[in-house]
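**Student:** One structure, as structure tokens, below. Some questions next.
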Amino acid sequence: MSTHAPNQARVVPLCPATAHPAPAAKEPLWRDVIGDVLRRERRAQERTLKDVADAGRISMPYLSEVERGRKEASSEVLAAAAQALGLGLADLLALAQEELARLGGARAARPPRTAAAPVAPARSLRTSRSAPTARYGAAPSVSRQGEVRLAA
């Protein structure tokens with residue numbers, strides 16, 4: 001006769017519990033980071049969800065889902081939401097990059113970057129718009145302020 005209760009399966013582990021490595025820290029999801037940035041900017045301006053949704057011509061329930069990280073917004077929706085908040089799309093993405101860098105700082109050390117891909121952190125929301133940029137051709141260069149410029 002069995003010593004365990006009826007109608008309950010007996011679980012036999014295949015390997016000891018100490019054999020499993022500790023789970024690695026998960027990368028944050030882009031939709032969560034963008035949503036957090038949008039919500040933080042909206043609240044910093046003391047604006048309602050309805051106000052921003054109306055200004056951006058986005059449905060209020062959809063904008064709410066984007067802010068909560070439930071929906072993956074298109075670039076058009078992100079641009080409209082950013083503009084409704086008085087930001088450009090580049091500004092919104094720069095804020096999201098800063099948030100990702102902050103969240104990534106708590107993770108384990110990363111391998112060093114190669115000289116072929118220099119990237120400076122975004123320090124300002126201002127972008128250079130005075131010089132025209134080439135649509136095609138030369139590879140972009142990165143200035144000390146984190147601005148990406150295309151050679152003409």
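**Student:** Looking at residue 95 and the list (1) more than 16 Å from residue 30 (Cα to Cα); (2) modelled with pLDDT of 95 or more, which single condition is not satisfied?
**Tutor:** (1)
**Student:** Next up: Report the residue count in segment 99-117 for those that are closer than 20 Å to residue 28 by Cα and either assigned to a loop (DSSP other than H, G, I, E, B) or at pLDDT 95 or above (or both).
**Tutor:** The qualifying residues number 7.
**Student:** What about residue 72, is it within 19 Å of the chain's Cα centre (by Cα), modelled with pLDDT of 80 or more and among the charged types (D, E, K, R)? Even if it seems obvious, please write down each step before you answer.
**Tutor:** Values: within 19 Å of the chain's Cα centre (by Cα): yes; modelled with pLDDT of 80 or more: yes; among the charged types (D, E, K, R): yes.
Yes: the conditions hold for residue 72.
**Student:** Further question on the same structure: Enumerate the pairs (first residue in segment 53-64 and not in a helix (DSSP H, G or I); second residue anywhere and not hydrophobic (A, V, I, L, M, F, W, C)) with beta-carbon separation below 7 Å, excluding pairs fewer than 6 apart on the same chain, so at least 6 apart or on different chains.
**Tutor:** Sorted first by the residue in segment 53-64, then by its partner, the list stays empty.
**Student:** Would you pick out the residues in segment 66-82 that are surrounded by 13 or more Cβ atoms within 10 Å (Cβ to Cβ), not acidic (Asp, Glu) and not in a loop (DSSP other than H, G, I, E, B)?
**Tutor:** Passing the criteria: 66, 77, 78, 79, 80, 81, 82.
**Student:** Have a look at 63, 38, 49, 85 and point out the one that is under 24 Å from residue 26 (Cα atoms), modelled with pLDDT of 95 or more and either exposed (fewer than 12 other Cβ atoms within 10 Å of the Cβ) or not small (Gly, Ala, Ser) (or both).
**Tutor:** 38
The values are calculated or read from the model by the stated rules, or taken from the named source; none is laboratory data. Since the structure is predicted, the reported quantities are computational estimates derived from the model, not experimental observations. In this analysis, Cβ positions are derived from the backbone assuming ideal geometry, glycine residues included, and neighbour counts consider all displayed protein chains.
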